[in-house]
Amino acid sequence: MKTMTPDTISPDELKSLLGQGDCQLIDVREPVEHAEEHIVGSRLIPLGEIEKRSHEITRDRPLVIMCRSGKRGAQAVANLQAKGFAHARNLEGGLLAWKEAGQPVGRSVRKVFPLMQQVQIITGLGVLTGVVLSLTVHPNWVFLSAFFGAGLVFAGSTGWCGMAILMSRMPWNRASGQSSCASGSCPPSK
């Protein structure tokens, strides 16, 4: 079991706070991730927007930040603490730990392919297009396939995926305003 720090909160502690209605839960993942699954009652403010939207968070209630595994949450907590949110806490292990503890998640009614599946489809289409064009139009089209292959190698070795960043900014992956599930209106599921 992981050692808890003063800046973290366990899934059981969070469940208790949410049950008392005494907690602000901010999800710092991207809109498509939040739509796929989230803790019911969480409010979506992506990590890239947390500093400029910190005025939307009240300082008079306990504040818990969550993401998928806890890494982005820890970043958000550090950013918010630097802005004076002294009691911001990160959900230890993120949504993965929440689900592992047997807690329910909500899902948005709007269906969108998960972000990584979108990246895989676009990359596969790019490679396939390069192969077909190199066989039917001109051999130099094989470089299109090489481009996508190099991108996969780079993403796999660095953990940075430009295609995922680009796809997360597409209109179908953007939330319009606040998530419809932020008020807890999404159905929970296991």
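See the values below:
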item	result
Backbone HN-Hα couplings from phi across region 36-50 [Karplus 6.51/-1.76/1.60, Hz, Gly and Pro as x]	5, 6, 7, 7, 4, x, 6, 10, 7, 9, x, 3, x, 10, 4
Residue exposure sequence - Phe143, Phe113 - by fewest surrounding Cβ within 10 Å	Phe143, Phe113
Sorted by Cβ neighbour density within 10 Å, fewest at the top, the residues Ile122, Ile65, Ile45	Ile122, Ile45, Ile65
Dimensionless Rg ratio for region 8-111, taking C-alpha atoms and the 2.2 N^0.38 Å reference	0.97
Most to least packed among 127-136, 86-95 [average Cβ atoms within 10 Å]	86-95, 127-136
Hits among aspartates and glutamates - C-alpha to C-alpha of Lys83 under 14 Å, sequence gap 8 or more where chains match	Glu49, Glu51, Glu56
Per principal axis, descending, Cα span of the chain in whole Å	65, 35, 33
Rh (Kirkwood; distinct C-alpha pairs) - region 115-168, Å	11.5
Under 13 Å from Lys71, Cα to Cα: aspartates and glutamates that are on another chain or at least 8 residues apart	Asp7, Asp27, Glu92
Amide proton proximity set for Thr8, modelled H, under 5 Å, gap of 5+	Asn90
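Values quoted throughout were computed directly from the atomic coordinates according to the rules given, and no laboratory measurement underlies them. Predicted model, so just to flag it, every value in this text is computed and none were measured. A quick note on method: Cβ atoms are made from the backbone with ideal geometry, for glycine too, and the neighbour counts reach across all protein chains shown.
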